[in-house]
1. Identify all aspartates and glutamates with a Cα-Cα distance to Lys52 below 19 Å; exclude those on the same chain that are fewer than 8 residues away in sequence.
2. Among all the lysines, which ones have a C-alpha under 18 Å from Lys278's C-alpha, if same-chain residues fewer than 8 places away are not counted?
3. Would you list the membrane-span-like helices of the chain, meaning whole DSSP H runs whose alpha-carbon atoms span at least 20 Å along their axis and whose mean Kyte-Doolittle value is at least 0.0?
4. Return the whole-Å distance between the Cα centroid of segment 182-214 and the Cα centroid of segment 44-58.
5. Which entry is the computed Rg and Dmax of the Cα atoms in Å for this structure: (i) 18.1, 55; (ii) 19.3, 60; (iii) 44.9, 141?
6. Only counting other Cβ atoms within 10 Å, I'd like Lys197, Lys133 sorted with the fewest neighbours first.
7. Taking R0 as 22 Å, what's the FRET efficiency between Ala20 and Asp64 from their Cβ-Cβ distance, rounded to 0.05?
8. What ranking of Ser63, Ser276 emerges when the number of other C-beta atoms within 10 Å of each C-beta is taken as an exposure proxy, fewest first?
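Readers should treat all values here as calculations from the given coordinates under stated rules, not as data from a laboratory. Just so it is clear, the model here is predicted, and its values are computed rather than measured. We place every Cβ from the backbone using ideal geometry, glycine too, and count neighbours over all the protein chains shown.
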Amino acid sequence: MAQIIDGKAIARKIRGDIAAETERLAAEGVRPGLAVVLVGENPASKVYVSMKEKACGDVGIFSDEYTLPETVEEGELLALIDRLNHDPKIHGILVQLPLPKHIDDSRILEAISPEKDVDGFHPFNMGRLVIGKPVFQPCTPYGIMVMLKEAGIDLKGKEVVIVGRSNIVGKPVAFLCLQQHATVTICHTRTVDLPAKVAAADVLIAAAGKPEMIRGEWIKEGAVVIDVGVNRLPDNRLVGDVEFEAAARRASHITPVPGGVGPMTITMLLQNTLQSAKMSLDRLKTP
């Protein structure tokens with residue numbers, strides 16, 4: 001049976017370190033600050049925002065929420081982001097996605113200063129990641145890499161298969177794995193013979209967003225399985241993208257859902273906000 005990679009436990013340890021470092025920075029006159037912008041009444045988005053604000057409070061990071069109506073004009077949202085870009089109390093800006101259809105997601109994300117882009121989605125930060133010199137790494141891929149390290153998984157020479165090619169998870173985690181000298185395959189909806197691709201994986205990262213689409217019998221004996229998916233079934237159970245019980249009988253390590261990658265995503269958002277505050281303090285100290 002696979003060893004469980006406990007995201008909650010790893011996140012708890014990292015948050016303890018973040019809390020200590022936050023207080024050290026505050027003693028020097030800079031308390032890390034995160035602005036969270038929520039547009040509309042999406043129930044899932046409201047839950048995520050409240051979780052992020054609670055996490056900030058737990059580690060001593062100042063958080064400020066801006067809730068805007070579904071009908072807000074794009075220009076008004078851009079004006080808010082501009083104000084936050086120039087607010088010295090704010091070191092990170094997070095615009096909760098998805099946005100209403102009349103607003104251009106790309107334009108909004110690109111308006112955030114790269115120095116405050118703690119989600120890691122700005123083209124500047126994505127470009128830095130691609131060339132191997134990241135400033136802010138997207139939070140979920142960042143969390144995955146930390147989990148692998150904490151579990152003692154060395155990616156050098158390994159076959160890493162990623163199922164999902166999103167800009168949020170699939171593509172950035174591929175580049176992070178390449179930086180660790182893995183051989184990377186990205187699979188997607190048009191991949192031919194997905195079971196064979198998955199069966200070749202020493203490390204599988206499942207980020208397709210389809211409940212239990214990856215069958216346990218596809219998993220190579222001794223493989224590492226990182227399941228990013230969080231899917232709610234009609235009976236209200238939460239499951240990942242991987243058939244957990246069957247996969248766990250074949251894998252050497254596996255992340256649970258819930259309690260795996262999820263807690264790490266928010267933790268790395270806190271880590272990025274702390275890093276931004278440190279960079280801000282360094283700028284203040286530079287003559």
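1. Asp17, Glu21, Glu23, Glu41, Asp64, Glu65, Asp117, Asp119
2. Lys89, Lys116, Lys133
3. Values: long enough: 7-27 (30 Å, -0.25); 43-59 (25 Å, -0.18); 261-285 (36 Å, 0.13).
Within the chain the helices that satisfy the rule are 261-285.
4. Comparing the Cα centres of segment 182-214 and segment 44-58, I get a distance of 31 Å.
5. Identified label for the calculated read-out: (ii).
6. Details: Lys197 19, Lys133 9.
In increasing order of surrounding Cβ atoms, one gets Lys133, Lys197.
7. Numbers: r = 23 Å, r/R0 = 1.04.
According to the calculation, E is roughly 0.45.
8. Numbers: Ser63 20, Ser276 24.
Starting with the residue having the fewest Cβ neighbours, the order is Ser63, Ser276.
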